[in-house]
Structure formats: C-alpha cells, structure tokens
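Novice: Okay, handing you the structure first.
Please treat every number below as a calculation from the coordinates, not as lab data. Computed from a predicted model, the values in this text were never measured in an experiment. FYI the Cβ positions are ideal-geometry reconstructions off the backbone, even for glycines, and counts take in every protein chain you see.
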Amino acid sequence: MELRHLRYFVAVARERNFTRAAEVLHIAQPPLSRQIQQLEDELGIGLIERGSRPLRLSEAGRLFYEQAVQVLDRIDEIKTLVSRLRDADRGRFSIGFVASTLYGKLPEVIRSYRAARPNVEIALLEMTSLEQIAALKEGRIDVGFGRIPLDDPALERQLLRNEKLIAAVPANHPVLTSGKALRLEDLADELLVVYPRAPRPSYADQVLSLFREAGLKPPGVQEVRELQTALGLVAAAMGVCLVPASVETLRRDNVAYRPLDSVQAVSPIIMSSRKGDRSPEIALILRLIRQMYRREKIVFGA
C-alpha cells in the first residue's frame, strides 16, 4: 500500500464518483479504478458498493476512509514542520499583516527586529486576518498581525491593544463645524463605506456591528476592497468611513478625520501564532512590542 492509494481512495470517497475524482486527481478514470481495485485486493475486502448511484462506501470503506484522512493530514503536518525547519536553517522569518497595521506600530517593531536579528531574512506578506489562519497552519508565515478575534484550536492569539477608531469624512462636511468628537448618530444618515469586501468576517463587520449595536442603520453601505479605495470615495464626498486612528496621517487631501465619542469604537490588534510554537523569534517579537509599548506608555492588551 502506498500513499497514492490513500489519496486516490479519499478523492473517490469525497467525490462519490470515479469520473469526478479522476478529474480532481488529474488522471484518467481507468487507472484510478485499477488503483482502487488493487487497494481492495490487498486489504481483502470491498471498500466501495459498486453499482450504487451515487457511489457509497461499505462499512469497511467508511472505517478505512476515516483512518486514511487522518494519515494524510498527519503527512501534511510533517511536510509543514520539515518546511519550517528548512526555512529556519536558511534564517527566514515570515510575517503576515493586514494593511492598516503598517500605519501603526508594526514598522517600528520590524525595524527593531531587524536590528536584533541582522542575519535573518524577513518576508512580509499582506493578507487578511482570515487568510492568516490558513497561512499559519500551512507554515507559510510564522506570525500574523490582524484585527479579527477568530478562534481556532490550532492557533494562539495575543491581544496587543485596542486601537481607537476615528471617522473619515469629506473635508467640507457639515458635521465638522462643531469641532467636537463625533457620535455615531452624527453619521447615521450618511452612506457608509466599509472594507474589505471579502473574505468575511473582516474589519468591515466590526464597523457594521458598531452601528447595529447602537440601533443605527445607515441608508446604504458601500463595500470596497481596500482602505485606499474607501478613502478615495470619502474624498469624492461619496460617503463616510470609520478607520483606525493610526490611518489619520494618510490622504489628507479632501478628507478630514475626527475622533468618535464612543468607548466601543475600537479595533483590536491581534498577534497570532501556531499553538505550542516556542520559537525564540516569536518570543523576541513579543518582547520588542512590550518594550515599545512601555516607552510610549501604551497599555499592553488593553
């Protein structure tokens, strides 16, 4: 029995059809059927109830399927671990991040890390919080910085801080005349621009939930791909947008920023890593963040 037999059988079991399984595996159907027959001959028992439509597994087939999936998952985990060891030998550390964290403290953290580890190659990969979960599990990144508190038993999350949200409004908007912090009610009659459009859940859902929990419903919601596009629509007086406070230095032409009079208007910055990963590089990153927060009198985890 070889690993390919397991992969072939799992594909057939999932697709419940030899033709579709062959397409998924990029092989012809006759060789696939022969491989499954060889597997059954070796085991001395039928795994598939032939003639059934759609295809069904026998009782032995269902048991074999469950075990085969576990074996293949374990093989993939081993490959990931070996890949990480290979990258560690090369002195490579990969960081996933959501774009808005680049306007905050992340660049300073990276500069400090580079100074402490001048021989380590750093790879920076922009990806959403949701994409970071898969990337961590697959070993494509070593640590991720996102904004969505997504629970996953395979990952550890560390809340670094809750960043205040501010309102981005057209520079000539009437709500700016008071000079005071804005309430969500002040923006309730405006088209609300949110980002990113996909994948969800995302930062967009955090913003929408703020209005929903306040009992407010904007007359319209415009979903866009990224922060820059959202601010472009604000500059064109097409709507308003809630953004992290660190974004305030971005695009000042035709866009004005105002604080929000709401203690709930915050967005968490979360550092994620693989559960049980005791890499000294991850420990160093966390130590550098704590040191930076102490210098700037930022409360860690709040």
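Novice: Can you name the residue in the range 261-302 that is surrounded by 15 or more Cβ atoms within 10 Å (Cβ to Cβ) and assigned to a loop (DSSP other than H, G, I, E, B) and is also farthest from the chain's Cα centre (by Cα) among such residues?
Specialist: Checked the range 261-302; the qualifying residue farthest from the chain's Cα centre (by Cα) is SER262.
Novice: Of all the residues that make up the range 172-196, how many are exposed (fewer than 15 other Cβ atoms within 10 Å of the Cβ) and under 21 Å from GLY232 (Cα atoms)?
Specialist: 3
Novice: Would you check which residues across the range 116-130 are of a type outside the set (Asp, Glu) and outside any loop (DSSP other than H, G, I, E, B) and list them?
Specialist: ALA116, ILE122, ALA123, LEU124, LEU125, SER129, LEU130
Novice: Please identify the pairs in which a residue from the range 107-129 that is without any contact (Cβ under 8 Å) to a residue 24 or more places away in the chain has its Cβ atom under 9 Å from the Cβ atom of a residue that is not in a helix (DSSP H, G or I), counting only partners at least 6 apart or on another chain.
Specialist: Close Cβ pairs (under 9 Å, with a partner that is not in a helix (DSSP H, G or I)) amount to ILE110/ILE95; ILE110/ILE122; ILE110/LEU124; ARG114/VAL120; ARG114/ILE122.
Novice: Just give me the residues in the range 131-157 being assigned to a strand (DSSP E or B) and buried (at least 16 other Cβ atoms within 10 Å of the Cβ), in sequence order.
Specialist: VAL143, GLY144, PHE145, GLY146, LEU155, ARG157, listed by residue number.
Novice: Suppose we keep only residues that are in contact with a strand residue (DSSP E or B) (Cβ under 8 Å, 6 or more places away or on another chain) and either touching a residue at least 60 places away in the same chain (Cβ under 8 Å) or part of a loop (DSSP other than H, G, I, E, B) (or both) within the range 197-228. Which one would you say is surrounded by the most Cβ atoms within 10 Å (Cβ to Cβ)?
Specialist: TYR203
Novice: Just name the residue that is farthest from TYR8 (Cα to Cα) out of those in the range 53-70 that are without any contact (Cβ under 8 Å) to a residue 40 or more places away in the chain and assigned to a loop (DSSP other than H, G, I, E, B).
Specialist: Among residues in the range 53-70 that are without any contact (Cβ under 8 Å) to a residue 40 or more places away in the chain and assigned to a loop (DSSP other than H, G, I, E, B), the one farthest from TYR8 (Cα to Cα) is ARG53.
Novice: Please enumerate the residues belonging to the range 28-48 that are without any contact (Cβ under 8 Å) to a residue 12 or more places away in the chain and more than 19 Å from LEU72 (Cα to Cα).
Specialist: Scanning the range 28-48 gives ALA28, GLN29, PRO30, PRO31, ARG34, GLN37, ASP41, GLY44.
Novice: Which ones in the range 26-40 are in contact with a strand residue (DSSP E or B) (Cβ under 9 Å, 6 or more places away or on another chain) and of a type outside the set (D, E, K, R)?
Specialist: ILE36
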